[in-house]
Every structure is written in C-alpha cells, then in structure tokens.
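Note sheet for the following structure.
The values are calculated or read from the model by the stated rules, or taken from the named source; none is laboratory data. In this text the structure is predicted, and so the values were computed from the model without any measurement. Heads up, the Cβs are rebuilt from the backbone with ideal geometry, glycines too, and the neighbour counts pull from every protein chain shown.
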Amino acid sequence: MDIYLKNEGYRLLKANDGQEALELLERYQVDLIILDVMMPRMDGIEACMKIRESKNMPIIMLSAKGQDMDKIAGLSIGADDYVTKPFNPLELMARVKSQLRRYHQFSGPQRSDESELEIGDLVINTSTHEVTVDGQEVQMTPREFAILELLASNQGIVLSMERIYQEVWNEPFMESKNTVMVHIRKIREKIEKDTHNPRYIKTVWGIGYKMERL
C-alpha cells in the first residue's frame, strides 16, 4: 500500500495502532484515513468511532472479514468505504481517489455562488458542506452528505437504491442494498427527531427513498 500510494503522489502518515493514529490526527491535517480493523491497543472499529466524534474526512476500513454483517458494522460506525482482504491494490487506489475527489469537492474553497437547499427546518449548503437542523449544525461524512444532497435535489421523487449507489459511489450496483440502507439509517439518526416516523427521508417499500416536500 505504501508503494502504491507514494507512486500516486500521496504523502503518508503511518500509525501502528488506533491510539497512535488519534495522536497523529491531533498534530497533522489529514485528508483521508485507511484503517485496518485488527490492530493492537485500539482496533480500527474503536478508532473510527473516536475519529468520527470530531472529524469528517473519508475513512476506508480494511478487514479480512467479508460477511455482510461485518461490512454493515463498519459502515454503521462511520466508515465511508469497506475493503475486504485480499484486495487488488489498484482497486484500493481507485477508492482512495474517489473518496478524495468527493471530500475536496465539498470541503474546498467557498464559492461565490453559494447555494442552499431548504426542506422545512433542514438546510443543506452545497458549497460549504454544512447541514443544519433547527439551526443546529449536524456533522456528516462525505458519503452521507452526498446521499442527502442527492435526495434533497430531487424532492418528491423516489430514487431507487440502485440509482443512489451508482450516483454516490460511482460504480456498478452489484447488490449493494445493505450499504445504502446503512447510510440512510445513519443520516436519519442525525436529522430526524423520530427515526421510526421520519419527517424528511421516506422509505418507499420495494423501490427506494425520497425526500419529502415540506
């Protein structure tokens, strides 16, 4: 991984465990994190949860566990992508580039044509990557923001899970319903007062999701 990343021109910081990674994040500006699940002292799951308490850069999880529930667990605690070992290094490079493009798109310099999407008390600023509910800012990962923006830009229109996945992940769907469902659940936890009776994101059973017109 070190060789491939450096060949692509990336600068790297290496940590031997999750605790060391947290210490590096306090001292350096980091644009993307690749976390192995199995690490000493503090594993990747706990490290991801700690990072997500204050930071929103993309996190790619690596694990030898390939079961759906393991992937769902990784995505549920804030990871943006999950890669199962063994993997092709070129596939990982493609995922790194995709995550960085999206992250820099949303967190780059503020444009003069700043635009906002307002749905009831939910405000989505597509220029600054800021989301507020009832005036309170809500922290979103790049993936979560991309899904929320996609739904908000198509208010009242039902979007299939296949379309959401293909537009946000920029890759073929390949039966990735669980991935979309996990991200929708995380978004609801952040913007909905009652996740069992959501106000903003409605489930259209058998089809997908839509953002209500309010």
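Only residues that are in a loop (DSSP other than H, G, I, E, B) and free of Cβ contacts under 8 Å to residues at least 12 places away in the same chain: list them for segment 31-80, please.
Glu53, Ser54, Gln67
The rows are residues; the columns are (1) among the small types (Gly, Ala, Ser); (2) modelled with pLDDT of 90 or more; (3) crowded, with 21+ Cβ neighbours inside 10 Å.
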residue	(1), (2), (3)
Phe145	no, yes, yes
Leu148	no, yes, yes
Met161	no, yes, no
Tyr165	no, yes, yes
Asn170	no, no, no
His183	no, yes, yes
Arg199	no, yes, no
Thr203	no, yes, no
Met211	no, yes, yes
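Which residue is surrounded by the most Cβ atoms within 10 Å (Cβ to Cβ), if the candidates are limited to segment 33-59 and must be among the small types (Gly, Ala, Ser) and over 19 Å from Arg95 (Cα atoms)?
Ala47
Looking at segment 26-43 only, could you name the residues that are modelled with pLDDT of 90 or more and touching a Ser or Thr at 6+ places or on another chain (Cβ under 8 Å)?
If the condition is that a residue be modelled with pLDDT of 90 or more and touching a Ser or Thr at 6+ places or on another chain (Cβ under 8 Å), then Asp36 is the only one that fits.
Restricting to helices (runs of 4 or more DSSP H) lying wholly in segment 98-214: which have 2 or more residues that are over 22 Å from Ala73 (Cα atoms), of a type in the set (D, E, K, R) and not assigned by TED's automatic domain parsing to the domain that holds Ser76?
Ranges flagged: 161-169.
Only one of these conditions is not met by Leu90: (1) over 22 Å from Tyr209 (Cα atoms); (2) under 18 Å from the mean Cα position of the chain (by Cα); (3) modelled with pLDDT of 90 or more; (4) of a type in the set (A, V, I, L, M). Which number is it?
The number of the failed condition is (2).
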